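S.K.: Take this structure, written in structure tokens, and hold onto it; I'll ask about it next.
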Amino acid sequence: MSKFFTVMMHTYRSKIKSKPFLITTIITIALLFVVTNMNEITKMFGGDEVSKVGVIDRTGNTLPALQAQLNQTRDDLKAEAFTKSENEAEKAVLNGRLDGFLILDKDASGIITGTYKAEDVTQQSLITDIEMALQQIKNKSAAESIGLNPEQLAAIYSPVTFDKESLSDTAKSEEEAAQVYILVYVVLFFMYMAVMMYGSMIAVEVATEKSSRVMEILISSVSPVTQMFGKIFGIVLVALTQLVLFVTGGFAAVKLNGQLSKSESIIQELKLNEIPIPLIVYALVFFILGFFLYATLFAMMGSLISRVEEVNNLMTPVVIVIVAAFMIAMYGRENPESAFVAGASYFPLFTPMLMLLRVGMLSLPVWEVALGIGVLVAAIVLFAVIGARVYRGGVLMYGNAPSLKLIKQALLLSKEEKKNTTGV
């Protein structure tokens, strides 16, 4: 056991002290702060400047109504009358005096029309607000033309009353469903990224030792099985450490955004702090079990590789499975009750993602959740046994081209190595 902890802690310490780990962690946390507080940062650099739009009003009376509508939606957009020609307006835009100009006119039916011109039309938010304001003016004008008063017009455009009630006592409310949706999406994304990042790290770690011929020295003092599980647990600790730092950094970034904007943070707005504790526990359980499952596969694959350059070739089948699980989970977010999703959730390589999805989005009976966890644990034990045998033989294999056929060869070599060790 002491040798196991020695391998695990050596792997853990060497990874968290490495420059790639430190640089990736710092950059990711910095990006979380930047993305979360982008609105406040843009204000610091003048991002809150008022946009000026010149208006050539050929209708004679639409501009005041347009200004009133825009004042209700945003205070950083000013529509001002432009009394000169269209050519002069174009020059004003190109010279930077105006962000754009709007031509108001009427068609043959007397309906208000608008033509917006700017140096480029990529400011979709600004254009959409102007279009919506003109739509409101058009609706009001049309209502007045047929004799409707403001109260009647408001009644026409008021949203229909539509209530949703669940007949099942265990069904989730709309608010709970939104909370679960976000949590499941975040966990699925983290699981996908963790498996892709740290799984390949295990394979590269083993391949690096083999390529440097360190393996022969290691196996003389530490058994291959101890090495494999020591590396797996070491990388798991690295993954959990980095993910905890990411989550802590993201939480701090969200809290800072709430303080700077003096409004509720997304955590309070979506009431993510009210997510049920059992669901958080399930998320951690499926995340850790899923990571162990794929980590065992990656360690087994890494033992079959002689050079680091060959990692990507042999990792392809595992990566395809991970991508397939992620894509099914994305489909299952919209159709969690699908029979296809339910059946796929009991396939061990898909279970970590899909069972978590179903637990979060549906009210599953306890036995289904227990069965999913049982299937996952059984698969981990099975893969660990097979992986240990492949690892035992695979670490002594050199000079072979990457191929899944090497698994059989590694198993045979493992048996021979075990007989030599036990003297049978």
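The values are calculated or read from the model by the stated rules, or taken from the named source; none is laboratory data. Everything numeric here is computed off the predicted structure, so don't read it as measured data. Glycine gets a Cβ as well: all are built from the backbone with ideal geometry, and neighbour counts include every protein chain shown. To get the accessible areas, we keep the full protein, side chains included, count just its heavy atoms, and leave off ligands, DNA and RNA. Shrake-Rupley method; radii C 1.70, N 1.55, O 1.52, S 1.80 Å.
S.K.: Return yes or no: is Ile16 modelled with pLDDT of 85 or more, open to solvent by 50 Å² or more (accessible area, probe 1.4 Å) and among the hydrophobic types (A, V, I, L, M, F, W, C)?
M.R.: no
S.K.: What residue, among those in segment 107-144 that are under 19 Å from Glu80 (Cβ atoms) and assigned to a loop (DSSP other than H, G, I, E, B), is modelled with the highest pLDDT?
M.R.: Ala118
S.K.: Residue under question is Gln67, and the condition is that it be without any contact (Cβ under 8 Å) to a residue 40 or more places away in the chain, touching a strand residue (DSSP E or B) at 6+ places or on another chain (Cβ under 7 Å) and surrounded by fewer than 18 Cβ atoms within 10 Å (Cβ to Cβ); does it hold?
M.R.: yes
S.K.: Right, another one. Just name the residue that is least open to solvent (accessible area, probe 1.4 Å) out of those in segment 78-106 that are within 22 Å of Thr128 (Cβ to Cβ) and in a loop (DSSP other than H, G, I, E, B).
M.R.: Leu98
S.K.: Can you go through Phe33, Phe101, Phe21 and tell me which one is of a type in the set (Phe, Trp, Tyr) and touching a strand residue (DSSP E or B) at 6+ places or on another chain (Cβ under 6 Å)?
M.R.: Going through Phe33, Phe101, Phe21 in turn, the sole match is Phe101.
S.K.: Among the numbered conditions (1) within 24 Å of the chain's Cα centre (by Cα); (2) modelled with pLDDT under 85, tell me where Phe45 comes up short.
M.R.: (1)
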